[in-house]
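The values are calculated or read from the model by the stated rules, or taken from the named source; none is laboratory data. The shown structure was predicted, so the numbers you read here are calculated from the model rather than taken from an experiment. Every residue, glycine among them, receives a Cβ derived from its backbone with ideal geometry; neighbour counts consider all protein chains shown.
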């Protein structure tokens, strides 16, 4: 196996890989890459591990800049991989993931203060790979709010400061 890390793929191959791989979702597609590239302060990149032209792993970090100042950008930019990594279920996919993550983390530190992989599908089996590459796992934080009470009742349960900010935003 001769894994190569690339930052460009033919769009058709890229789309085929996303649609034919379990766990593929909109955040892995060339179309979403285009959306992110047209969004102010967002800069997507494509990272793929290929073996003889066959895609094994796909990672699409989006660098999010909070400020336009070069100095502030350097200390506030983060990378978010919406949808996490997408990898082939073939045995060499796991090895390619490890190789890709090591390459990516070596480069990403120069562009972002941290990288976040947002898993949409179950990647429990890959936690050790992520950990070996410097990532830490955290559970999703979900809020479940009962919407059956009146909107006034729900609004009253929001903190006073937040209610004030909401009212101010509505006025604007």
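Can you tell me how many residues in the range 66-97 are modelled with pLDDT under 85, assigned to a helix (DSSP H, G or I) and exposed (fewer than 12 other Cβ atoms within 10 Å of the Cβ)?
Qualifying residue count, the range 66-97: 3.
Kindly indicate whether any position in the range 104-114 is within 28 Å of residue 139 (Cβ to Cβ) and touching a helix residue (DSSP H, G or I) at 6+ places or on another chain (Cβ under 7 Å).
Yes, the range 104-114 contains a residue that is within 28 Å of residue 139 (Cβ to Cβ) and touching a helix residue (DSSP H, G or I) at 6+ places or on another chain (Cβ under 7 Å).
Can you confirm whether residue 4 is surrounded by fewer than 17 Cβ atoms within 10 Å (Cβ to Cβ) and in a strand (DSSP E or B)? Let's see the steps before the verdict.
On the way: surrounded by fewer than 17 Cβ atoms within 10 Å (Cβ to Cβ): yes; in a strand (DSSP E or B): yes.
When the stated conditions are applied, residue 4 passes them.
Among the residues of the range 135-156, which ones are surrounded by 10 or more Cβ atoms within 10 Å (Cβ to Cβ) and either more than 21 Å from the chain's Cα centre (by Cα) or at pLDDT below 80 (or both)? Talk me through it step by step, then tell me what you get.
Start the filter on the range 135-156 by keeping residues that are surrounded by 10 or more Cβ atoms within 10 Å (Cβ to Cβ), which leaves 135, 137, 149, 153-156.
Result: 149, 153, 154, 155, 156.
Please go through (1) at pLDDT 95 or above; (2) closer than 23 Å to residue 132 by Cβ; (3) within 17 Å of the chain's Cα centre (by Cα) for residue 5 and return the number of the only condition it doesn't satisfy.
For residue 5, the failing item is (3).
Residues that are modelled with pLDDT of 90 or more and closer than 30 Å to residue 75 by Cβ: does the range 122-134 have at least one? It would help to see each step written out before you state the result.
To start, the set of residues in the range 122-134 that are modelled with pLDDT of 90 or more comprises none.
Looking through the range 122-134, none of the residues is modelled with pLDDT of 90 or more and closer than 30 Å to residue 75 by Cβ.
As an exercise: evaluate residue 120 against (1) surrounded by fewer than 17 Cβ atoms within 10 Å (Cβ to Cβ); (2) in contact (Cβ under 8 Å) with a residue 24 or more places away in the chain; (3) out of contact with any helix residue (DSSP H, G or I) (no Cβ under 8 Å at 6 or more places or on another chain); (4) closer than 28 Å to residue 66 by Cα and give the number of the one condition it does not meet.
Result: residue 120 passes all but (3).
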